[in-house]
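The values are calculated or read from the model by the stated rules, or taken from the named source; none is laboratory data. Since this is a predicted model, take the numbers as computed values, not measurements. As a convention, Cβ positions derive from the backbone with ideal geometry for all residues, glycine included, and neighbour counts pool all protein chains shown. Ligands, DNA and RNA are excluded from the accessible area calculation, which covers all protein heavy atoms including side chains. Shrake-Rupley method; radii C 1.70, N 1.55, O 1.52, S 1.80 Å.
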Amino acid sequence: MSKLFVDASVQKKIANGVQLLDKHDIANHSLANQLVFLYSSSAFLGTAYLSEQHKGMGWFLSPKAIKLDVAYFVELFEAARKKRHSYENDTQTTAYRLFNQDGDNFGGLTIDRYGDYALFSWYNVFVYENRQVIIKAFQLVFPDLVGAYEKIRFRGLDYESAHLYGQEAPETFTILENGVAYSVFLNEGLMTGIFLDQHEVRANLIDGLAMGKRLLNMFSYTAAFSVAAAMGGAYETTSVDLARRSRDLSKAHFLANGLTLENHRFVVMDAFDYFKYAQRKGLCFDVIILDPPSFAHNKKQTFSVAKDYHKLVFQALGVLAPKGLLIASTNAANVSQVQFKKQLEKGFGDIRHTYLDFKTLPADFVSNKADRKSQYLKVFTVEVEQ
C-alpha cells in the first residue's frame, strides 16, 4: 500500500468530514488509480483512493486501514439500504437512488433503482476497475433485483452504457414516482429518460401547485415536470428543449399515464429564442420552470449557471403572469445556494417577489453534509408580483 503525506490544510479538511480530494490536495500525481494510506507529518489519517474524475482527484474513505473486499462493500450497501427503507415500502414509487457517493461513504459510485433493475454509474477508473467486487457485494445485499446496467461517466473507454448481469430490461419500460408513470430506458447513452433527484419538486406539481394553470417547462428534456403538472391538474403545458428527440420521449411519458396531448405542446427550440417568440406572440404562463444544464453552448452563445442564470430569469419575467410562479433550479455543484440566489435577485431587479419554497436533494440522494459540493441541487419556488 502506497503512503501519501498531505499538509495541515488537507488534514483539517478530512477532520471536518470532507471526503473529496482536490487537485491541490495531492502533490504526488503519480499515484493514480490506487488505494493509499494518508499521513500528516505526525499521524496516520486513514485510507483514501486516488483517481481523477470530473470533480476531484480521489476520495477519502475511512480513518482506519481498510481493504476493499466484498465484506467492506456489503457493509456499505446494508447501511445504504437501511436508510432507504421507506422508499422500498412505497408502492407508489419504484425508482430512486440506492447509493449516493460520499453521502454513503464511497465517492465515485452511484447506484439507482429502476423498478426491478439496478443502474451503476462509475465516475472514475479506480471504481470501474473494482466493479466486480462491488457488484458481487451488491447482489448479496439486493438479491431481489433481477438485473443491472452500467453507465461510464469518465473518459477513456469506448462505450457509455452496457448490460451488467441478470435479466435484460425491455428497451423501454415504465417506473412509478409518486404514483405517476414515466417511460425510461437503461441502455442508451448516459440518459435514462428522467432525473430522479427532482422527485420532490415533481411531487409539488402532482399535489396541485400548477392546478388549473398554464405551465412553461424550459430545458424540458423529456418533460417530466410537465407530466407531473398535468397529473396535478395543470390546464396546459408547453415543454421546450433544443434536442429534437425530446419531443418523442416527452410524449411517451404523457401516453404512459393515459393523458391526451390536446393541451400539451412540445417545442424544439433554443430557450432564449423561445422567450423572444413567446413575447412576440403575446403568450403568458402562470408557472415557469427553469432547469438549465450547468454549462451549455450552441452556435449563438455560451451559457453558464454561475454567470448567466439571471438572463433566463429576466427573460422569463417577460412571459410570466402577475402573481405567477417561477421554479428556478440548478444542479451546478460549483454554485452555492447564496451565489444562486444572487443570480435570481439580479434577474428580478426591482420586481417584487416572494420566496415560497426551497428544495435540495431528496432523502434517497443522501449527501455529505460537511461538503457543499455534495448537496448540488438547489430549487427555489418564487411568487412574482409583476
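Side notes on the structure shown:
- Segment 283-386 - percent relative contact order, Cα under 8 Å, separation 6 or more: 33
- R0 of 35 Å, Cβ-Cβ distance Val268-Glu160: FRET efficiency to nearest 0.05: 0.90
- Anchor Lys136: lysines whose Cα lies under 19 Å away (excluding residues fewer than 8 positions away in-chain): Lys67, Lys82, Lys151
- The chain: relative contact order in percent, alpha carbon pairs under 8 Å with at least 6 residues between: 12
- Rolling a 1.4 Å probe over the protein heavy atoms leaves Tyr221 with an accessible area of roughly 40 Å².
- Each residue of segment 187-200 was assigned a 3J(HN,Hα) from its phi angle through the Karplus curve 6.51 cos²θ - 1.76 cosθ + 1.60 (θ = phi - 60°); the sequence is 10, 9, x, 8, 8, 10, x, 7, 9, 5, 6, 9, 5, 6 Hz, with glycine and proline shown as x.
- Test item: Cα-centred dipole of the chain, Lys/Arg +1 and Asp/Glu -1 on Cβ, debye: 1080
- Partners for Lys13 among aspartates and glutamates (Cα-Cα distance below 20 Å; same-chain residues under 8 apart left out): Asp22, Asp25, Glu52, Asp102, Asp104, Asp371
- Size descriptors for the chain, from the alpha-carbon set: Rg then Dmax equal 22.0, 70 Å.
- Overall, the anisotropy analysis places segment 209-336 in the prolate class: the square-rooted eigenvalues a ≥ b ≥ c of its C-alpha gyration tensor yield a/c not less than 1.5, with a/b exceeding b/c.
- Ordering Phe254, Ser239, Gly147 by the projection of their Cα atoms onto the charge dipole of the chain, which places +1 on the Cβ of Lys and Arg and -1 on the Cβ of Asp and Glu, puts Ser239 at the extreme positive end.
- For the chain: accessible area per residue (Å², 1.4 Å): 45
- Residue-wise HN-Hα coupling along segment 113-127, computed from phi with Karplus coefficients 6.51, -1.76, 1.60 (Hz; x: Gly, Pro): 9, 10, x, 8, 10, 9, 10, 8, 10, 9, 9, 7, 4, 4, 5
- Cross-linked pairs Lys323/Lys373; Lys12/Lys342; Lys3/Lys23: Cα-Cα separations exceed 27 Å for Lys323/Lys373; Lys12/Lys342.
- Sequence-distant lysines (8 or more away, or on other chains) whose Cα lies within less than 22 Å of Lys251: Lys213
- Ordering of 350-359, 363-372, 210-219, 44-53 by packing [mean C-beta count within 10 Å, highest first]: 210-219, 44-53, 363-372, 350-359
- Residue (of Thr91, Gly103, Val133) at the positive-pole extreme of segment 48-202, dipole from beta-carbon charges: Gly103
- Per-residue ³J(HN,Hα) for segment 222-232, Karplus 6.51 cos²θ - 1.76 cosθ + 1.60, θ = phi - 60°, Hz, x for Gly and Pro: 9, 6, 4, 4, 5, 4, 4, 5, 4, 5, x
- Based on C-alpha pairs under 8 angstrom that are at least 6 apart in sequence, segment 1-156 has a relative contact order of 19 percent.
- Mean ellipticity per residue at 222 nm, deg cm²/dmol - from DSSP H runs of n ≥ 4 across the chain, formula -39500 (n - 2.57): -7500 deg cm²/dmol
- Computed packing ranks the peptides 330-337, 8-15, 194-201, 376-383 as 194-201, 376-383, 330-337, 8-15, most packed first, by mean other Cβ atoms within 10 Å.
- Accessible surface of the chain, 1.4 Å probe, proportion on carbon and sulfur as whole %: 50
- Dipole size of segment 96-183 about its Cα centre, with +1 on Lys/Arg Cβ and -1 on Asp/Glu Cβ: approximately 200 debye, rounded to the nearest 20.
- Residue order by solvent-accessible surface for Leu205, Leu283 is Leu283, Leu205, largest first, with ligands and nucleic acids left out and a 1.4 Å probe.
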